[in-house]
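Asker: If you scroll down you'll find the structure; I have some questions about it.
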Amino acid sequence: MKRIIFVIESMNIGGTEKALLSMISEIPKDKYDMTILMLENRGGFLGNIPNHIKVKCLDEYKVIEPVVRKSAKELVVQEITERKYMQAIRTLFYYGISRISGDYNVYFNNKIMNRIESLVDEYDIAVSYQGPPSHFSAYLVSKKIKAKKKIQWIHSDVSKLNLDIKTTNKLYKSFDKIFIVSTEGKNKFDEMFPQLKNKTEVFINILSENLINKQAEKKKGFSDNFDGIKILTVGRLSGEKGQALTIPILARLKKEGYNVRWYCVGDGVLKEYYEKIIADNNVQEDYLLLGNDSNPYPYFKECDIYVQPSKFEGYCITLAEARVFNKPIVATNFVGAREQLVNNETGFIVEYNEDEVFTAIKELINNKEIKNKFINNLKNELVDTT
């Protein structure tokens, strides 16, 4: 039996975590001994991990997380304040070497990774499943886990992440394979890191239509008895997911007399900021932040229009999930969107622009012919990737 370990930050409710759960559910448990190593033992998907999967937590991360989160400058100030002068000198030294050489692996390895013990167990395959912008899981797999094969997974559009080229090149050279979740995402990666091109391969996120449809039947979605047009967006409340764009769009729709309500499933660091924008646009009754839900599929099933307003993605699982339910879709032109939708045939793909998203939604509301065309065309597509 082969042994596989997947390293991930936590099991928060999100696309990366959901993709991992879908993948491990398809791996034969009689042939593979699987372990999930989390940096932090938390998240709304913890209860969804199958019983046959071993779950471990990196205990040292609690101690080193403050160091990981701080810049070198912030860390030096803290160490001087705490009168840890030798530590401050070492921090400056390693950071200085990194700046001069242009290789920040020097700083990270000596200041952070040397505080972590190597794992005792040896594996056939070790997977850094949570990729950039954070490199922590990559360092952990590269430096602290013994494995015959090492894999890095990329779930984002790397061209949007401001990665240090030299550091990333050197780190990723230690991996045998780099899986990227979309063809366009792979092209962007290969363009940025041509030296790693021989390692890259497209691995589309696994998605089971049968499982999703079963989950959708387990409960009711909307509970507010609203009888107008229900617009849905699913994703964590963070800048790259683009929900800020949608709030003034709803205000414009309401001003023009449309009986619509917008629902957002997800939570995140920008919740309070979005609540302020909602209040500023006076749409508190019709723009509803529903919070996290480990089973958002009843909302997908019951909504009238699905909008994915992301600034960037790697593939976008929530877009694929909306396609499972044959929903009229408006998506912004992020990496992976055109691999899932044909513009004007199975949905609208527009630029990340308030006017364009607004116009597309209005078209779906006003033009039943194009709305029905999208629905019927989606019915003829296979979304399942199991």
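The values are calculated or read from the model by the stated rules, or taken from the named source; none is laboratory data. None of the values given here were measured: they were computed from a predicted structure. Positions of Cβ are generated from backbone atoms using ideal geometry, with glycine treated the same way; all protein chains shown enter the neighbour counts. Note: areas computed on protein heavy atoms with side chains; ligands, DNA, RNA excluded. Shrake-Rupley method; radii C 1.70, N 1.55, O 1.52, S 1.80 Å.
Asker: Of the conditions (1) within 20 Å of Y104 (Cβ to Cβ); (2) in contact with a helix residue (DSSP H, G or I) (Cβ under 8 Å, 6 or more places away or on another chain), E117 satisfies every one except a single condition; which number is it?
Answerer: (1) is the only condition that E117 fails.
Asker: Regarding T233, is this residue under 17 Å from E354 (Cβ atoms), over 18 Å from the mean Cα position of the chain (by Cα), surrounded by 21 or more Cβ atoms within 10 Å (Cβ to Cβ) and β-branched (V, I, T)?
Answerer: Against the criterion (under 17 Å from E354 (Cβ atoms), over 18 Å from the mean Cα position of the chain (by Cα), surrounded by 21 or more Cβ atoms within 10 Å (Cβ to Cβ) and β-branched (V, I, T)), T233 does not qualify.
Asker: So which residues in region 326-343 are of a type in the set (A, V, I, L, M, F, W, C) and either surrounded by fewer than 22 Cβ atoms within 10 Å (Cβ to Cβ) or assigned to a helix (DSSP H, G or I) (or both)?
Answerer: Hits for region 326-343 are A337, V342.
Asker: If D190 satisfies all but one of (1) surrounded by fewer than 19 Cβ atoms within 10 Å (Cβ to Cβ); (2) assigned to a helix (DSSP H, G or I); (3) at pLDDT below 95, what's the number of the condition it fails?
Answerer: All conditions are met except number (3).
Asker: Those residues that are open to solvent by 20 Å² or more (accessible area, probe 1.4 Å) and either more than 29 Å from F45 (Cβ to Cβ) or assigned to a strand (DSSP E or B) (or both), I need them from region 245-269; list them, please.
Answerer: Scanning region 245-269 gives P248, A251, R252, K254, K255, E256, G257, Y258, N259, R261.
Asker: Taking the stated definitions as given, is E313 touching a Phe, Trp or Tyr at 6+ places or on another chain (Cβ under 7 Å), in contact (Cβ under 8 Å) with a residue 40 or more places away in the chain and outside any helix (DSSP H, G or I)?
Answerer: When the stated conditions are applied, E313 passes them.
Asker: Let me ask something else. Just to verify a result, which residue in region 116-136, among those that are of a type in the set (A, V, I, L, M), in contact (Cβ under 8 Å) with a residue 24 or more places away in the chain and assigned to a loop (DSSP other than H, G, I, E, B), is surrounded by the most Cβ atoms within 10 Å (Cβ to Cβ)?
Answerer: It comes out as L119.
Asker: Right, next: Give me the pairs, please: first residue somewhere in region 268-287 and in contact (Cβ under 8 Å) with a residue 12 or more places away in the chain, second residue anywhere and of a type outside the set (A, V, I, L, M, F, W, C) and open to solvent by 80 Å² or more (accessible area, probe 1.4 Å), beta-carbon distance under 6 Å, and either six or more positions apart or on two chains.
Answerer: G268/R236; I278/Q284
Asker: Yes or no: E272 assigned to a helix (DSSP H, G or I) and open to solvent by 30 Å² or more (accessible area, probe 1.4 Å)?
Answerer: yes
Asker: Could you pull out the residue among T35, T16, T91 that is closer than 17 Å to Y129 by Cα, at pLDDT below 95 and open to solvent by less than 40 Å² (accessible area, probe 1.4 Å)?
Answerer: Being closer than 17 Å to Y129 by Cα, at pLDDT below 95 and open to solvent by less than 40 Å² (accessible area, probe 1.4 Å) holds for just one of T35, T16, T91, which is T16.
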